[in-house]
Amino acid sequence: MRFTVVLEKDEDNIYVATVPALPGCISDGQTVEEAMSNIKEAIQGYINDMKSDREPIPRDIDIIGNVELNA
């Protein structure tokens with residue numbers, strides 16, 4: 001399975017990782033590598049919980065894009 005991960009650096013310089021297809025699936029790390037490792041574990045736990053509850057596993061998001069504004 002493959003899921004899109006969004007990384008954002010917060011005000012404390014921590015990388016916060018979220019998974020748009022899995023609401024509430026979030027983790028963080030001091031580095032990009034640590035955040036990616038941690039979110040991988042979080043995704044696995046999320047999927048395992050869904051399987052245990054016999055819930056369907058969501059598909060990854062289909063479209064990722066950028067919006068540019070003249071502000």
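Structural remarks
Condition check ((1) surrounded by 11 or more Cβ atoms within 10 Å (Cβ to Cβ); (2) touching a residue at least 24 places away in the same chain (Cβ under 8 Å); (3) among the hydrophobic types (A, V, I, L, M, F, W, C); (4) over 15 Å from Met1 (Cα atoms)) across all residues:
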{"residue": "Ala35", "(1), (2), (3), (4)": "yes, yes, yes, yes"}
{"residue": "Ile39", "(1), (2), (3), (4)": "yes, yes, yes, no"}
{"residue": "Pro56", "(1), (2), (3), (4)": "no, no, no, no"}
{"residue": "Asp60", "(1), (2), (3), (4)": "yes, yes, no, no"}
{"residue": "Val67", "(1), (2), (3), (4)": "no, no, yes, yes"}
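- Subset of segment 1-33 [of a type in the set (Lys, Arg) and either free of Cβ contacts under 8 Å to residues at least 40 places away in the same chain or farther than 22 Å from Ile63 by Cβ (or both)]: Lys9
Values in this text are rule-based calculations from the coordinates and carry no lab data. Quick caveat, the model's predicted, so the values are computed rather than measured. Positions of Cβ are backbone-derived with ideal geometry, glycine not excepted, and every protein chain shown enters the neighbour counts.
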